[in-house]
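Trainee: Just dropping this structure here.
The values are calculated or read from the model by the stated rules, or taken from the named source; none is laboratory data. These numbers come from a predicted model, not from an experiment. When we count neighbours, we look across all protein chains shown, and the Cβ atoms used for this are built from the backbone with ideal geometry, even at glycine.
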Amino acid sequence: MNILSVKNVSKNFDGVHALDRCSFDVCDGEILGLIGPNGSGKTTMFNAITSIYPIDRGKIILDGEDITGTKTHEIADMGLSRTFQLIRLFPKLTVMDNMLIAQKYVHGEKLWPQLFKKRHVMNEEKEKIKKAKELLNIVNLGHKSDELAENLSYGQQKLLEIIRTLATEPKILLLDEPIAGVNPTMTKEILNLIKSLNKKGMTIVIIEHNMNVMMNFCDRIIVMDYGKEIAAGKPADIKKNRKVIEAYLGGRKSNIDEFK
Ligand SMILES: Nc1ncnc2c1ncn2[C@@H]1O[C@H](COP(=O)(O)OP(=O)(O)OP(=O)(O)O)[C@@H](O)[C@H]1O
Ligand SMILES: [Mg+2]
């Protein structure tokens, strides 16, 4: 069964076809990889799915419901969460406050009032704190609750980004480069977390440039180039696909090393 379907989606930015009649399905329970050279439209696809900006044409179906044009926080409420390519934590707030504000923010409440009444919120909403602590403990960040987010290592900040999306108990999680720039030890930890979430039934869509990781980690892979889906299939088949090899070799030298 498909939990998410992207149907014929296009998005233009001043003449740049960031997405060009792109279609694919995400099966319930799978780990789906989204790969493609720089600028091929991967992040734009996540932004289109989560209504960060309106698409020009096409449809997005989540769990059988047409969510095209639905507000971002409503999509989160429907069970689809995401992380961003660049870390979006509040560096001067504690780890716990980042967890709690994420819960509020994702539900579309205004951010600044939440910041000002946060002590009050924390007293009232013990249940939410308890849940946030449980989530932090899963990734061994429980003891860092009162630490400012900026004092965490880069890898820990990436972990926190993932863990704070879980407060809404998503059915499907979109991860935009969750291990980019992270050291090997933390990479392992982040991948273990993603795997364990998937084992518990969460569907994962992951964008990453590390081809070794993607080939071993994903059940299936979709390849994008110039805003189009150029291939979809099992990792072993994707590795041999001519169109894919050409996309990675086609004049863009920076991508050659990735695809070995
Ligand atoms: N908000 C925007 N305004 C204008 N152009 C944009 C915007 N977002 C993306 N683009 C353009 O759309 C194209 C696709 O960009 P996108 O960020 O989706 O690529 P990507 O596959 O995520 O690349 P990377 O692997 O480098 O993260 C690029 O040409 C980019 O410059
Ligand atoms: Mg991107």
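Trainee: Does residue 133 fit the bill of being at pLDDT 60 or above, in contact with a Gly (Cβ under 8 Å, 6 or more places away or on another chain) and surrounded by 12 or more Cβ atoms within 10 Å (Cβ to Cβ)?
Mentor: When the stated conditions are applied, residue 133 passes them.
Trainee: Pairs please, first residue from the range 182-209 and at negative phi and in a strand (DSSP E or B), second anywhere and among the polar types (S, T, N, Q) and modelled with pLDDT under 95, Cβ atoms under 8 Å, 6+ apart in sequence or on different chains.
Mentor: Here the result reads 207/85, each pair linking the range 182-209 to a residue that is among the polar types (S, T, N, Q) and modelled with pLDDT under 95.
Trainee: Answer yes or no: is there a residue in the range 219-229 that is in contact (Cβ under 8 Å) with a residue 12 or more places away in the chain, of a type outside the set (Asp, Glu) and at positive phi.
Mentor: Checked the range 219-229: at least one residue is in contact (Cβ under 8 Å) with a residue 12 or more places away in the chain, of a type outside the set (Asp, Glu) and at positive phi.
Trainee: Considering the range 41-73 alone, what residues qualify as being hydroxyl-bearing (Ser, Thr, Tyr), in a helix (DSSP H, G or I) and within 13 Å of the chain's Cα centre (by Cα)?
Mentor: 43, 44
Trainee: Across the range 23-46, which residue is nearest to residue 61 (Cα to Cα) among those that are among the charged types (D, E, K, R) and away from ligand 1 (no atom under 14 Å from the Cβ)?
Mentor: So the residue we want is 25.
Trainee: Now, a different point. Taking the range 172-189, which residues are out of contact with any Gly (no Cβ under 7 Å at 6 or more places or on another chain) and under 29 Å from residue 25 (Cβ atoms)?
Mentor: Hits for the range 172-189 are 173, 174, 175, 176, 177, 178, 179, 180, 187.
Trainee: If you don't mind, another one. Going by what's in this entry, would residue 213 be described as in a helix (DSSP H, G or I), at pLDDT 90 or above, in contact with an Asp or Glu (Cβ under 9 Å, 6 or more places away or on another chain) and β-branched (Val, Ile, Thr)?
Mentor: No: the conditions fail for residue 213.
Trainee: Give the residue that is surrounded by the most Cβ atoms within 10 Å (Cβ to Cβ), with candidates limited to residues of the range 73-103 that are touching a residue at least 24 places away in the same chain (Cβ under 8 Å) and among the β-branched types (Val, Ile, Thr).
Mentor: 95
Trainee: Determine which single condition residue 48 fails, assuming it passes every other condition in (1) free of Cβ contacts under 8 Å to residues at least 60 places away in the same chain; (2) touching a Lys or Arg at 6+ places or on another chain (Cβ under 8 Å); (3) surrounded by fewer than 16 Cβ atoms within 10 Å (Cβ to Cβ); (4) closer than 28 Å to residue 212 by Cα.
Mentor: Status for residue 48: all satisfied but (3).
Trainee: A further question on this structure: Condition first: of a type in the set (S, T, N, Q) and either under 17 Å from residue 203 (Cα atoms) or not in a strand (DSSP E or B) (or both). Now tell me which residues in the range 16-40 satisfy that.
Mentor: Selection gives 38, 40.
Trainee: Counting just the residues of the range 162-181 that are more than 16 Å from ligand 1 (Cβ to nearest atom) and not β-branched (Val, Ile, Thr), which one comes out surrounded by the most Cβ atoms within 10 Å (Cβ to Cβ)?
Mentor: Here the answer is 164.
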